[in-house]
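Here the structure comes first, spelled out in structure tokens, and everything after it is commentary.
The values are calculated or read from the model by the stated rules, or taken from the named source; none is laboratory data. Just so it is clear, the structure is predicted and the values come from calculations on it, not from any experiment. Glycine gets a Cβ as well: all are built from the backbone with ideal geometry, and neighbour counts include every protein chain shown.
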Amino acid sequence: MSLLSLIVVTPLIGALLILAIPGTRTKLIQGVALVFSALTLLLTGYLYAAFDKTVVLMQFVEKLSWIPAFNINYCVGVDGLSVALVTLTGLLTMLAIIYSFNITVRIKEFFFWFLLLEVGMLGVFVALDFFLFYVFWELTLVPMYFLIGVWGGPKKEYAAIKFFLFTLFGSLLMLLGILALYFNSMPHTFDMMELIKQGSLLPRAMQIWIFLALYVGFAIKIPAFPFHTWLPLAHVEAPTGVSVILAGVMLKMGTYGIMRFSFPALPEATKWFMPFLIVIAIINIVYGAFCAMAQKDLKKMVAYSSVNHMGYCMLGMTAMSGIGWNGAVLQMITHGLITGSLFFLVGVIYDRAHTRDIDAFGGLAAKFPVYAGLMIIQVMASLGLPGLAGFVGEFLCFLGAFNVWPYYVAVGTIGILVTAAFFLRMIEKVFLGPFNEKWAALKDIGFREMVAIVPLVLLTVIIGVWPKFCLDLIDPTITYLVGMIK
Amino acid sequence: MSNLILLNPEIILACAGLLILLAGAFIGESRAKLLFHLGTISAAAVLGMVVTQAVMAAYGNGTMWVLDPAAQLFKFIILLATVFTLLLSVNYHAIQPRHVGTYTALVLWASCGMMFLSGAMDLIYLLISLELISISCFILTGFEQKNPRSAEGAIKYFLMGGLSTAVTIYGISLFYGATGTTNLFNYVSSVDLHFNDPAYIMGMLFILVGFGFKISMVPFHFWAPDAYEGAPTPITAYLSVASKLAALGAMMRIFASVIPHYAISSTLVIAVLAALTMTVGNLTALFQTNVKRLLAYSSIAQAGYMLIGLVVADPIGRESVFFYALAYLVTNMGAFAVAMVVAGKTGSYELDAYDGLARRSLGLSIVMVMFLLSLAGIPPLVGFVGKFYLFASAVNSHTYLWLAVLGVVNSVVSVYYYMNIARRMFFSESKDVSAVETDIYTAGVIFVTSAATLLMGLLPETFMRIVKGCVSFHS
């Protein structure tokens, strides 16, 4: 069994093990969840270390025959585009599991679904066979449905089914696109690498149809305007740990899918679609930022800021150049780190105050210096302060896109301004000003929460100061992919 | 040459039915359950025979019947469904001990009719098999004597069934008038003669109505929800699986092989009916509050998906229907088994009986979610592979891509009501928190079907090979 299969299987073993433990042994269940997620993280860390940065092609490839009747193979592999996302998934899942030790009801089911979710997410990033990709893609759906629906907020049931229906609709259209690709390849195959080679030979009209079918599937996950409406609802209702995974990893599945497959395989359609994509990206940036500004609920504000940040990511993709795409991938990773930690931080305050209303707080900085410090660092990173991770990604995205779409990019900068405005206003209202005595009894951030949050903050700073250690990984593959389209 | 030997399994099954009916008169009420076991054993033994025939490739033609791989696949499906049905019946409360013999015999005879149907190559023979199924099933549907719903369902089923039989017979007479034969063997050699004969095409369309009734194709589906709701639950499962798939098998034989629908320019009719069937089934299922009615409408929609393969009618299309039939067999059987267990504990088939089931019996709930997700077509379960196959055939045909798109939209709609049951099981609370226990027979059925649902989804290759080997209708 290769390293990648081991990475995917480890959380699955953990999930099955949890299913076998009696529900009353909560400490044991938490322990097993932690051990298996930590083990997965270690393996992804090893993957990261063993990954050869100079090779542009797929590494750690494993290929086994699965359903020969349809020429479907179990085929996994990683390149510079996916390896960082795999590591990010391992990291965020473990931190979210640590944070979720505060879940008190139906612990067994919670961690079972959580580890199953990790299997699906890791699988999506390593799959090289489109059928396998689809199976993993859908595998994330059911655990997420239950995680939101059982442990979520007041409108959890509606949020869960809305998430499910939106995503399923997109993924089934994607399935039709995949089938169209399959039947138009010779010999029929689901192998992504092979399809990428053959896709460009398809007639333009067919490329466009297939591109659109795949795009809807990916865009719903991103979520790109106008498919974003499930996101704020799902984020707000989901428990903290699940929001982190949703924002930190699952949104990236959409942009990953487009960059991994749609762009290189369907170059004609990509060129045709670019004018639309830039408009969508700008709408995401500006509209997302304005929506975030209008929110009184902290978590909803962060959720809309995700719409905005994924807009930067799409903006980078529209550049069709090494700079823009490097920016897009880096943006995926930094958004995972920053927004993930912001959701943790919002969860921390909500667990204590049982409200997320921005206006309900005030002057918390004096009382909770550690919490305020962490929050302010991450907010600054999110609004793009140089020296922190968010800046590098955003800057590269804008820089790349400016070459091709200068006017759109000019409009997009409004988004940056608004983002800065709502984040700073939030800091002012929550952390500065006179202290609201109502919260005098609250405690500062605890050890468990620190363990979940601090690694993300550290990484944010490290990538901000020294982005090279991340970009080195991405750049060779991206240059290769961009070259394929040109 | 009559080649009666090919019908040995059917003959043995019919005789077993007779013997069990007779034995029912001599076995005391306290030991009546023995008869279920006898029925199960005979069905299983005949199943073994069919498999042996398949392994020995004992194919051939009779005067009015044929034994080919396709017929054998459907016989296999029917007999498996029969075994499951009888196992589910063992501890079903509403069957009175003194009627067990009748009940078991009727199930076996209905299965016998279905087996005849799957190899029918003559329209008269086909009609008789349809009638054997219908009459047995009418009685079985009305078997809960103390339940007025059961009688209502049976009457509706009977009236609609009678009407559809009349239409079928009329269709057969038109066919005979146009071609001078009811035999499909003779017919094949003169296929081009009748290409544009309106009487003949009308005849075929009327025959289609007869099948449409059996597989609950819209707009001939109105009996299904009432009959399904009223019938004893094992019979509901039986109707929705065995009866539907047997008729679908015969429909595939006639309309996708002997007289292909494209040769009589009726492809578009069937395509539109398929579209209507899945859409109406799914949209109506959204509003059901009774789980049996919900599954009834869901099985109407499932028939609609399967018709996609019939519309496409090329080898992939046929394979996809056959594969989906296998998938549907295990999934739907399992779903009804769980519904029966839940109703046995709560006494209700209403959806609110599922509130908080996950707290009461986590295993049962997870298995039910598996069946529902499989019906909805979510990987890695067998229902997904089946739908994948069906959609693949539609995408491959280009012309019927729109059916695949409609199928996709329908799948999304269906998830809403399937997950509604899951929502009740996992998200809602119930007052009663006592565990739901399952008797050994039902547990066995649930175990086998759930294992098959998962394993056939993860490793479908073997079954795809079997199905590929079965697509050839008689040569």
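Quick notes
- Test for B:M464: is it within 8 Å of chain A (Cβ to nearest Cβ), within 24 Å of B:A275 (Cα to Cα), touching a residue at least 24 places away in the same chain (Cβ under 8 Å) and hydrophobic (A, V, I, L, M, F, W, C): no
- For region B:11-28, residues that are surrounded by 12 or more Cβ atoms within 10 Å (Cβ to Cβ) and over 31 Å from the mean Cα position of the chain (by Cα) total 1.
- B:F323 being of a type outside the set (V, I, T), within 23 Å of A:L168 (Cα to Cα) and surrounded by fewer than 24 Cβ atoms within 10 Å (Cβ to Cβ): no
- Of the criteria (1) surrounded by fewer than 17 Cβ atoms within 10 Å (Cβ to Cβ); (2) in contact with a Phe, Trp or Tyr (Cβ under 7 Å, 6 or more places away or on another chain); (3) under 26 Å from A:G347 (Cα atoms), which one A:G23 fails: (2)
- Residue-level check: of (1) surrounded by fewer than 24 Cβ atoms within 10 Å (Cβ to Cβ); (2) within 23 Å of A:Y182 (Cα to Cα), A:A265 misses just (1).
- Filter result for A:G362 (within 25 Å of A:A410 (Cα to Cα), assigned to a loop (DSSP other than H, G, I, E, B) and either free of Cβ contacts under 8 Å to residues at least 12 places away in the same chain or touching a Gly at 6+ places or on another chain (Cβ under 6 Å) (or both)): no
- Number of positions in region B:411-422 that are of a type in the set (A, V, I, L, M, F, W, C), at the interface with chain A (Cβ under 9 Å from one of its Cβ atoms) and buried (at least 23 other Cβ atoms within 10 Å of the Cβ): 3
- Condition met for A:M310 (surrounded by 24 or more Cβ atoms within 10 Å (Cβ to Cβ), of a type in the set (A, V, I, L, M), touching a Lys or Arg at 6+ places or on another chain (Cβ under 7 Å) and more than 30 Å from A:D444 (Cα to Cα)): no
- Residue among B:K156, B:K146 that is among the basic types (K, R) and modelled with pLDDT of 90 or more: B:K156
- Test: residue in region A:430-437 that is crowded, with 19+ Cβ neighbours inside 10 Å and not acidic (D, E): yes
- Per the conditions (1) crowded, with 24+ Cβ neighbours inside 10 Å; (2) in contact with a Phe, Trp or Tyr (Cβ under 6 Å, 6 or more places away or on another chain); (3) closer than 19 Å to B:T442 by Cβ, the sole criterion not satisfied by B:V90 is (1).
- When we screen B:F185, B:F222 for residues that are in contact with a strand residue (DSSP E or B) (Cβ under 8 Å, 6 or more places away or on another chain), hydrophobic (A, V, I, L, M, F, W, C) and surrounded by fewer than 20 Cβ atoms within 10 Å (Cβ to Cβ), the only hit is B:F185.
- The listed residue being without any contact (Cβ under 8 Å) to a residue 60 or more places away in the chain and buried (at least 21 other Cβ atoms within 10 Å of the Cβ), out of B:I366, B:I270, B:I300, B:I378: B:I378
- In a residue-by-residue description of region A:261-278, the property of being in a helix (DSSP H, G or I) and under 23 Å from A:E118 (Cα atoms) applies to at least one position.
- Residue in region B:5-17 that is farther than 21 Å from B:S129 by Cβ and part of a helix (DSSP H, G or I) present: no
- When region B:425-448 is filtered for residues that are out of contact with any Ser or Thr (no Cβ under 8 Å at 6 or more places or on another chain), part of a helix (DSSP H, G or I) and at the interface with chain A (Cβ under 10 Å from one of its Cβ atoms), only B:F427 remains.
- Residue in region A:77-90 that is outside any helix (DSSP H, G or I) and surrounded by fewer than 22 Cβ atoms within 10 Å (Cβ to Cβ) present: yes
- Only helices (runs of 4 or more DSSP H) whose full extent lies in region B:345-410 are considered here, and the ones with at least 3 residues that are more than 9 Å from chain A (Cβ to nearest Cβ) and within 23 Å of A:L139 (Cβ to Cβ) are B:362-376, B:382-397.
- Any hit, region A:150-171, residues being in contact (Cβ under 8 Å) with a residue 24 or more places away in the chain, of a type in the set (A, V, I, L, M) and touching a Ser or Thr at 6+ places or on another chain (Cβ under 7 Å): no
- Meets criteria (over 25 Å from A:N308 (Cα atoms) and in a helix (DSSP H, G or I)) for A:V451: yes
- For region A:332-357, a residue qualifies if it is part of a helix (DSSP H, G or I), touching a Leu at 6+ places or on another chain (Cβ under 8 Å) and surrounded by fewer than 20 Cβ atoms within 10 Å (Cβ to Cβ), and the qualifying residues are A:Y350, A:R352, A:A353.
- Lone unmet requirement of (1) in a loop (DSSP other than H, G, I, E, B); (2) crowded, with 24+ Cβ neighbours inside 10 Å for A:N284: (1)
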